[in-house]
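Below is one structure, written out as structure tokens; the observations come after it.
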Amino acid sequence: MTEAPVLAIDGLCIRFPQAGGDATPVRAASLSIGRGEMLALVGESGSGKSLTALSVLKLLPAHARLAGSIRFCGEELMAAGEDRLRQIRGHKVGMIFQEPMTSLNPLHNIEKQISEVLFTHQGLSRAAARARTLELLALVGIREPEKRLGAYPHELSGGQRQRVMIAMALANDPVLLIADEPTTALDVTLQAQILGLLQSLQEKLGLAVLLISHDLTLVRRYAQKVVVMQGGETVESAATSALFADPQHEYTRHLLAAVPAGAPVPLPAGERDTLLSVEALEVKFPLRKSFFGKPLDFIHAVDKVSLTLAAGESLGIVGESGSGKSTLAFAILRLLPAEGRACFLGRELLTLGQRELRPLRRDMQIVFQDPYGSLSPRMTVGEIVGEGLTVQGMAAAERDVAVVEALRAVGLDPDTRHRYPHEFSGGQRQRIAIARALVLKPRLIILDEPTSALDRTVQRQIIDLLKELQARYGFACLFISHDLAVVRAFCHRVLVLQQGRMVECQDNARLFSAPETEYTRRLLEAAGLDR
């Protein structure tokens, strides 16, 4: 007799009743996962992936209406009561959410959060729960777990927090593990570590894993099967190797072709003026202070880094989390105190007073990582894009003309300037953030992880847009990213940071074909770009 799948979803429909007509974000979702198998659920933002996963444990809003079939180990869950679902949640089915900082309680230490799961489902004694917690932390690769029991989430790195989330999900030996974008906010080496850990646990414990991800490179490397969703419907399901080799659906072909590609914008022949020159830049944060407040010990977040950037050039800055990428950029912008030299347009930035620095800020703009958090929800799009012009003293009529031009340049309807950020998708919000930087016609734009929160198709749209704008306006870029495929498609040169120090800086083609250091080779291998 054939063993029943661990999870079988058939014809799932999720409907949200509302005035003016029901919303149906999931119309016809189907998938099946066997024991010891990893199935990846892929598709663009809004395709219904997370809603499908949340429906398994009835974690949807109370007004949601479900139809179809959801079977767990042969048991139909559609009609299961709350008591039965409570037995399954966290016990038979574990879940890893996308952002560990919002999923972990900031007021409780790691031991308390993992032990709570054990107390709830197994009724273990405190001593037994501590022993199991240590076992779980060791299982997920936390070094010296005894020293981590009293740590709070903010005291751990992004990778460590995600490992704690995995430990909590595995605490009661589940049969099924649902991982909803578990690596989105992590750098390439941590992504490889987390997915490698899930794969080893899958093989060791016989876990069935439902992986939701927009990173097709990771999906291709770790999943055995792939299900593709579009507009709330399953459009293709196949073994991973078959799907990547010969996709049958047009939408699947569209997804696979969405990886950022091509070459950076061609630079004019001949010598170009140096726009930015940085020499031996240092940023230090105090670790300990004396009774009188004098720093006694420091951590070097940026340690004697030097770089140059020519007009119209893009320099990629890559490295693992904590390597100093964003800190370097903030120091150049004078948003953090620093030592050394940073010369922009012939002016020494680090010694200028605020009054002298203010005119230069027009020529130095930044686009932040999170398009949801970097735009004020209380301001219209027109006010957000035109804010810098207001600071510069531009008249209202002239300012409106400039805002309209900037919105057109980034591919947005100028009439949307009267709307608010929450009315736009993630990709549209990032276009608004780019327009805000572009409206001042800067000489330098710093892009701090501008595509990490976006799915692949939107990433490619944003990179293509930035290339078009750079060719048109000729601005230079410092491009900070952990996505090396994006860096390869956009940047002329790449600077690699490790623990605050520069380990190499090469032309794009040379770095990706013949990296000089072992650390860079490890980054390329983790990103799947070593071949």
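The values are calculated or read from the model by the stated rules, or taken from the named source; none is laboratory data. On a predicted model such as this, the values are computed, not experimentally measured, just so you know. FYI the Cβ positions are ideal-geometry reconstructions off the backbone, even for glycines, and counts take in every protein chain you see. Surface areas here come from the heavy atoms of the whole protein model, side chains and all, with no ligands, DNA or RNA. Shrake-Rupley method; radii C 1.70, N 1.55, O 1.52, S 1.80 Å.
Just for the stretch 487-531: of the residues that are of a type in the set (S, T, N, Q) and out of contact with any Asp or Glu (no Cβ under 8 Å at 6 or more places or on another chain), which one is surrounded by the most Cβ atoms within 10 Å (Cβ to Cβ)? Per the stated criteria, the residue is ASN508.
Of the candidates ALA192, ALA208, the single residue that is closer than 28 Å to ILE480 by Cα and touching an Asp or Glu at 6+ places or on another chain (Cβ under 9 Å) is ALA192. What do you reckon, is GLY21 within 28 Å of the chain's Cα centre (by Cα) and surrounded by fewer than 18 Cβ atoms within 10 Å (Cβ to Cβ)? No; evaluated as a whole, the condition is false for this residue. Scanning for something open to solvent by 10 Å² or more (accessible area, probe 1.4 Å), of a type in the set (Val, Ile, Thr), touching a residue at least 12 places away in the same chain (Cβ under 8 Å) and part of a helix (DSSP H, G or I), does the stretch 452-460 turn up at least one residue? Yes, there is a match, as at least one residue in the stretch 452-460 is open to solvent by 10 Å² or more (accessible area, probe 1.4 Å), of a type in the set (Val, Ile, Thr), touching a residue at least 12 places away in the same chain (Cβ under 8 Å) and part of a helix (DSSP H, G or I).
Against the list (1) open to solvent by 50 Å² or more (accessible area, probe 1.4 Å); (2) of a type in the set (Lys, Arg); (3) modelled with pLDDT of 95 or more, the condition ARG472 fails is (3).
When you check ARG362 against the structure, is it open to solvent by 50 Å² or more (accessible area, probe 1.4 Å) and either in contact (Cβ under 8 Å) with a residue 40 or more places away in the chain or under 24 Å from GLN459 (Cβ atoms) (or both), yes or no? The answer is yes for ARG362. Restricting attention to the stretch 431-456 and to residues that are under 14 Å from the mean Cα position of the chain (by Cα) and farther than 30 Å from ARG347 by Cβ, the residue that is modelled with the highest pLDDT turns out to be THR451.
Note on the stretch 1-93: enclosed strands (runs of 3 or more DSSP E) holding 2 or more residues that are in contact (Cβ under 8 Å) with a residue 12 or more places away in the chain and of a type in the set (Gly, Ala, Ser) are 7-16, 23-33, 65-72. Taken over the stretch 94-116, residues that are open to solvent by less than 70 Å² (accessible area, probe 1.4 Å) and assigned to a helix (DSSP H, G or I) amount to 7.
Just to be sure, is VAL175 more than 21 Å from LEU454 (Cα to Cα), at pLDDT 90 or above and in contact with a Phe, Trp or Tyr (Cβ under 9 Å, 6 or more places away or on another chain)?
Against the criterion (more than 21 Å from LEU454 (Cα to Cα), at pLDDT 90 or above and in contact with a Phe, Trp or Tyr (Cβ under 9 Å, 6 or more places away or on another chain)), VAL175 qualifies.
Looking across the stretch 344-359, just one residue is within 16 Å of ILE445 (Cα to Cα), of a type in the set (A, V, I, L, M, F, W, C) and open to solvent by 30 Å² or more (accessible area, probe 1.4 Å), and that is LEU345.
Take the conditions surrounded by 13 or more Cβ atoms within 10 Å (Cβ to Cβ), within 30 Å of VAL42 (Cβ to Cβ), β-branched (Val, Ile, Thr) and in contact with a Ser or Thr (Cβ under 8 Å, 6 or more places away or on another chain) and apply them to VAL278. Does it pass? Write out each step before concluding.
Working: surrounded by 13 or more Cβ atoms within 10 Å (Cβ to Cβ): yes; within 30 Å of VAL42 (Cβ to Cβ): no; β-branched (Val, Ile, Thr): yes; in contact with a Ser or Thr (Cβ under 8 Å, 6 or more places away or on another chain): yes.
No; evaluated as a whole, the condition is false for this residue.
Screening GLY324 with (1) in contact with a Leu (Cβ under 6 Å, 6 or more places away or on another chain); (2) modelled with pLDDT under 90; (3) of a type outside the set (S, T, N, Q); (4) open to solvent by 30 Å² or more (accessible area, probe 1.4 Å) gives one miss only, at (4). Six or more apart or on different chains, Cβ under 6 Å: which pairs go from a residue in the stretch 283-303 that's within 23 Å of ALA329 (Cα to Cα) to one that's modelled with pLDDT of 70 or more and open to solvent by 90 Å² or more (accessible area, probe 1.4 Å)? Could you list them? Correct list of pairs: ASP303/ARG501. Considering the stretch 38-93, and only residues there that are charged (D, E, K, R) and within 30 Å of THR451 (Cβ to Cβ), the residue that is most open to solvent (accessible area, probe 1.4 Å) turns out to be GLU44. Screening the stretch 413-435 for residues that are open to solvent by 20 Å² or more (accessible area, probe 1.4 Å) and part of a loop (DSSP other than H, G, I, E, B) and picking the one that is farthest from PRO371 (Cα to Cα) gives ASP413.
For the condition under 28 Å from the mean Cα position of the chain (by Cα) and under 28 Å from ASP173 (Cα atoms), VAL209 qualifies. The residues of the stretch 117-166 that are crowded, with 20+ Cβ neighbours inside 10 Å and of a type in the set (Val, Ile, Thr), listed by number, are VAL117, THR133, VAL140, ILE142, VAL164, ILE166.
For the stretch 117-149, the set of residues classified as part of a loop (DSSP other than H, G, I, E, B) and either under 21 Å from ASP173 (Cα atoms) or at pLDDT 90 or above (or both) consists of GLY123, LEU124, SER125, VAL140, GLY141, ILE142, LEU149, listed by residue number.
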